[in-house]
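Below: the structure, in C-alpha cells.
The values are calculated or read from the model by the stated rules, or taken from the named source; none is laboratory data. Given the structure is predicted, the values throughout are model-derived calculations rather than measurements. Every residue, glycine as well, gets a Cβ built from its backbone with ideal geometry; the counts of neighbours run over all protein chains shown.
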Amino acid sequence: MKPVLPLFVFIDACGWEIIKDDPFARVFAPSRKRLDSVFGYSSACVPSILSGRWPEEHRNWCYFVHDPKNSPFKSVRPLRWLPAAVTSRRMFRRWLAKLVKVHLNFRGYFDLYNIPFQHITLFDFTEKKSPLKPGGMNRGPNIFDFLEERNIRYHVSAPEKSEADNLTALVEDIETESIDFAFLYWAGLDGLLHMVGNQSPAVPAKLRRYEHWLEKLLAAAKQHYSEIRLYLFSDHGMANCDELLDLKAKIEALDLRMGRDYVAVYDSTMARFWFLNDGARQLITQILQQVPQGRIVPDQELAEMRTLFADRYFGELIFLVKEGVLIVPSHMGERPIRGMHGYHPKDKHSYAALLTNQPDLPGEIGAIPDIFKLMTRDALLAKARNAERAEPSNRKLA
Ligand SMILES: [Zn+2]
C-alpha cells in the first residue's frame, strides 16, 4: 500500500451544462464547480490545462495557420489533381492524414480535415508535438515536464488507444504501485456529443458507463493507495448546432482570390483571415459586418480571452459565430454535425466542469488552466508522502 494517488480524469466535452442536472459521479466526487473554458477548440483547451497557461503564452491555439514559407505540405500538393469526389471523402483524408503524419514526423494529433489540396501549401500545422508528452508545448513546459524534472513517476493515457484500453493500462500501473500521479484521458463523450447533440438519451447513458468505469478504477486504486485524490474535469461543453452558415460562399462571391488577395481558414465556429492587400481587407471586413450570425472579435476582447497574438500568427481578423451556428462547409468539415464547441467562452454551453472528492478546492480555481495548479500541488504532495513510506528505516533512525 502507498499513501496517496492523485487521480486526474479528463472527460472531453463533459461541460457544466451536461452534468449540471445529472447526478454524474456525485457518490465519489460530490464537490462540483463550473469552470471557464478557453476560447478555441481542444487544440487550445488541452494545452492550457496541461500547462496552466493561456494560448497567448503557450501558442497552441488553432491548428492551421497561414505560413507558406514554413508549410510542410509541399509533398501533398500533387493531390490537387485528383477529383474532389475522391479527395473530399472522409475515409480518404483520414488515411492520407496518417501517411502525412508519419512522413512529416508529427507527434501530436493530426488531421487534414477538409483543407483543399489546391491551397494546402499556404498553411502550416501548429501542433507538431504532442501536448500529452514532455516537451510537447509550442512554448514553455507542461505538467509532464514538471513531473519528469522532479522524478515523479506518472501514468498518462495514449490518445490513439480506446477509452477502455486506457482504463486498463492505468489499472495495471496502479496494481504495481509504480506511480505517484495519474492522468487519464477519455475522448468518447466529445465524439458522441458532436454526433447526437446535448439532448440525446445517449448522453446520460454514456455518463452511466463512465461511472461504472470510475467505480472499477477506484476499487482497484483503493487496494493499493490509502488516499485517492480524485478530480474529474473537462475542457469545454457542447452546444447544439441549429443554424448553418455558408460563410465561405459569401467570401468566394467577392471579386477576390484566395492565395492572391487573402487567405482564410474556416473553422467550424470561427473564420480567421490574413490579408495580402488592403482592398481585400476592406471588402472582407465590410461583408463580415453584414453577417448577422456572427461578429468580428475586437482586439480588446481577444486580449481579455488571452488569445491576442502580437504577430497575428493565428489570423489578422477573427470572425466568431453565435452559439448554435455552424459554419458549413468549413475547412473542418464538409457536412453538418449536431453539436459543436469553440464558441465564445461566456456562451452557456462553453463552460467546463470540475468534480472532486476534495473538500478544500482553493478559490483561485476558476478556469481550466487552473487545473494545472491542482496537478502540481497534488503531485508534490504525493511525492513527499509516498517517499516517506518508501524510506521507513530513515525515519526510525531520525
Ligand atoms: Zn470536440
Some residue of region 352-360 being within 16 Å of the ligand (Cβ to nearest atom) and assigned to a helix (DSSP H, G or I): no
Subset of region 1-15 that is away from the ligand (no atom under 16 Å from the Cβ) and crowded, with 22+ Cβ neighbours inside 10 Å - its residue that is farthest from L232 (Cα to Cα): L5
Qualifying residue in region 98-108 (condition: in contact (Cβ under 8 Å) with a residue 40 or more places away in the chain, within 16 Å of the ligand (Cβ to nearest atom) and under 26 Å from C14 (Cβ atoms)): no
Strands (runs of 3 or more DSSP E) (entirely within region 260-305) containing at least 3 residues that are surrounded by fewer than 19 Cβ atoms within 10 Å (Cβ to Cβ): none
Only listed residue being surrounded by 14 or more Cβ atoms within 10 Å (Cβ to Cβ) and closer than 25 Å to E17 by Cα, chosen from L247, L317, L256, L326: L326
Selection within region 104-122 - of a type outside the set (A, V, I, L, M, F, W, C) and either at pLDDT 75 or above or surrounded by 12 or more Cβ atoms within 10 Å (Cβ to Cβ) (or both): R107, G108, Y109, D111, Y113, N114, P116, Q118, H119, T121
Selected residue (only one of K2, K69, K74 is of a type outside the set (S, T, Y) and under 30 Å from H224 (Cβ atoms)): K2
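In region 58-113, which residues are among the charged types (D, E, K, R) and within 26 Å of V46 (Cβ to Cβ)?
Residues satisfying the conditions are R59, D67, R90, R93, R94, K98, K101, R107, D111.
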Pairs with Cβ under 9 Å, 6+ apart, first in region 183-195 and farther than 14 Å from R208 by Cα and touching a residue at least 24 places away in the same chain (Cβ under 8 Å), second basic (K, R) and within 13 Å of the ligand (Cβ to nearest atom): L193/R338; H194/R338; M195/R338
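Residue-wise test of (1) within 16 Å of the ligand (Cβ to nearest atom); (2) closer than 24 Å to V328 by Cβ; (3) of a type in the set (D, E).
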residue	(1), (2), (3)
A221	no, no, no
Y225	no, no, no
S234	yes, no, no
K250	no, yes, no
R257	no, yes, no
Filter pass, G15 being at pLDDT 95 or above, under 20 Å from W54 (Cβ atoms) and touching a Ser or Thr at 6+ places or on another chain (Cβ under 6 Å): yes
Checklist (1) exposed (fewer than 14 other Cβ atoms within 10 Å of the Cβ); (2) touching a residue at least 12 places away in the same chain (Cβ under 8 Å); (3) over 21 Å from the mean Cα position of the chain (by Cα); (4) over 19 Å from V27 (Cβ atoms) applied to E177, failing item: (1)
In region 314-329, the residues that are under 17 Å from F39 (Cβ atoms), in a loop (DSSP other than H, G, I, E, B) and touching a helix residue (DSSP H, G or I) at 6+ places or on another chain (Cβ under 7 Å): E323
Scan of region 138-195 for residues that are away from the ligand (no atom under 16 Å from the Cβ), touching a Ser or Thr at 6+ places or on another chain (Cβ under 9 Å) and among the aromatic types (F, W, Y), ordered by number: F146, F183
Residue within region 23-39 that is surrounded by fewer than 24 Cβ atoms within 10 Å (Cβ to Cβ), more than 16 Å from the ligand (Cβ to nearest atom), among the polar types (S, T, N, Q) and touching a residue at least 40 places away in the same chain (Cβ under 8 Å) present: yes
Exclusive hit being polar (S, T, N, Q), in contact (Cβ under 8 Å) with a residue 40 or more places away in the chain and either more than 23 Å from C14 (Cα to Cα) or within 16 Å of the ligand (Cβ to nearest atom) (or both), set Q282, Q293: Q293
Test: residue in region 355-368 that is more than 26 Å from S88 (Cβ to Cβ), at pLDDT 95 or above, buried (at least 22 other Cβ atoms within 10 Å of the Cβ) and in contact with an Asp or Glu (Cβ under 9 Å, 6 or more places away or on another chain): yes
